[in-house]
1. Just name the residue that is surrounded by the most Cβ atoms within 10 Å (Cβ to Cβ) out of those in the stretch 88-102 that are part of a strand (DSSP E or B) and under 18 Å from the mean Cα position of the chain (by Cα).
2. Please go through the stretch 14-69 and pick out each residue that is at positive phi and touching an Asp or Glu at 6+ places or on another chain (Cβ under 8 Å).
3. Cβ contacts < 9 Å: first residue in a loop (DSSP other than H, G, I, E, B), restricted to the stretch 38-51; second residue buried (at least 23 other Cβ atoms within 10 Å of the Cβ) and among the hydroxyl-bearing types (Ser, Thr, Tyr), any location; separation 6+ or different chain. Result?
4. Which residues, counting only those in the stretch 207-255, are among the aromatic types (Phe, Trp, Tyr), assigned to a helix (DSSP H, G or I) and either at pLDDT below 95 or more than 19 Å from Pro131 (Cα to Cα) (or both)?
5. If you go through the stretch 223-264 one residue at a time, how many are closer than 20 Å to Val64 by Cα and open to solvent by 50 Å² or more (accessible area, probe 1.4 Å)?
6. Being touching a strand residue (DSSP E or B) at 6+ places or on another chain (Cβ under 7 Å), under 23 Å from Ala34 (Cα atoms), basic (Lys, Arg) and open to solvent by 20 Å² or more (accessible area, probe 1.4 Å), is that true of even one residue in the stretch 201-222?
7. How many of the residues in the stretch 122-157 are over 21 Å from the mean Cα position of the chain (by Cα), closer than 19 Å to Leu99 by Cβ and open to solvent by 20 Å² or more (accessible area, probe 1.4 Å)?
8. Enumerate the pairs (first residue in the stretch 23-34 and hydrophobic (A, V, I, L, M, F, W, C); second residue anywhere and open to solvent by 50 Å² or more (accessible area, probe 1.4 Å) and modelled with pLDDT under 95) with beta-carbon separation below 6 Å, excluding pairs fewer than 6 apart on the same chain, so at least 6 apart or on different chains.
Amino acid sequence: MSGFSFDVRLYRDRLHLSENISNTARGLRVLQQAQLYSIPIENFDIQLGRGIDLAPSSLFEKLVCSPRGGYCFEVNGLFLMALQAFDFEARPLLGRVHLTGEPSGRGHQISLVKVGGRYWIADVGFGKDTPLGPLLLDIGVVQEFKGQSFRLLDGGVFGIMVQKLEGEQWKNLYSFDMEHVCKADIAYGNHYTSTSPHSFFTTSRFAVKPFEEGWAVLFNHRLKLIQRDEEQVIALPEGQEYLDALAKYFGIKLDADYEELKPVPIEKDGN
């Protein structure tokens with residue numbers, strides 16, 4: 001980590017984490033949920049036209065020492081460092097996103113964690129479809145977290161497919177394999193995902209954060225508060241009301257940078 005030292009105390013403070021974290025399945029779940037509920041998933045640095053710096057010290061400064069979050073390469077990069085700082089055996093994996101039906105390149109970072117001789121997938125950066133706990137690497141078994149249902153299936157040439165139950169249908173989220181991932185692999189994926197004009201992250205603003213019994217989801221100017229089967233939609237105009245919503249629902253503070261944001265479409269009612 002080039003001289004960087006992960007400050008466990010500051011990280012625990014950021015997560016409001018008082019419980020001791022043991023190298024167990026429970027410890028992994030507690031740590032994953034603590035980061036998810038404390039550090040939002042968001043892409044505002046991309047929308048501000050800034051590069052995404054994955055250096056450990058930069059990730060820590062932005063996500064732990066500042067009122068900000070990040071997208072998958074950032075939040076899962078931080079979580080991987082945290083896992084290793086808490087003495088978990090963990091390494092990165094890269095996945096292909098399948099939400100549109102066509103697989104992406106390897107543009108989603110997750111962590112493979114070994115606990116008690118068993119392997120788990122830990123992900124804190126897949127929007128509102130992020131599991132609220134680690135997924136045991138067990139093909140075909142339905143795994144549930146607070147109303148969410150997931151399963152892992154044989155994905156053929158794509159390796160292992162992660163699916164989520166939506167109503168009565170299983171939806172493909174992303175696939176991954178167990179191949180070694182090096183820093184250059186992550187750098188390649190991060191560069192395309194954060195700079196390509198064909199990437200969702202360069203064309204839209206978004207932020208996601210779970211709260212008790214639900215999720216706050218921002219897409220451009222539309223804020224959704226999802227709680228059980230109820231959904232409240234709030235249209236956010238540019239300006240102070242937008243900034244206030246970022247702070248209130250996601251803990252994101254952009255005040256000094258707001259004018260640099262790229263303009264995005266304002267959705268019409270019903271869209």
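The values are calculated or read from the model by the stated rules, or taken from the named source; none is laboratory data. Since the model is a prediction, treat every value here as computed from it, not as a measurement. Methodologically, a virtual Cβ is constructed for each residue, glycine included, from the backbone with ideal geometry; neighbour enumeration extends over all protein chains shown. In case anyone asks, the SASA skips ligands and DNA or RNA and just uses the protein heavy atoms, side chains included. Shrake-Rupley method; radii C 1.70, N 1.55, O 1.52, S 1.80 Å.
1. Gly95
2. Gly49
3. Qualifying pairs under 9 Å: Asn43/Tyr71.
4. Tyr242, Tyr249
5. Qualifying residue count, the stretch 223-264: 5.
6. Looking through the stretch 201-222, at least one residue is touching a strand residue (DSSP E or B) at 6+ places or on another chain (Cβ under 7 Å), under 23 Å from Ala34 (Cα atoms), basic (Lys, Arg) and open to solvent by 20 Å² or more (accessible area, probe 1.4 Å).
7. Selection size over the stretch 122-157: 3.
8. Going by the 6 Å Cβ cut-off, the qualifying pairs are Val30/Glu19.
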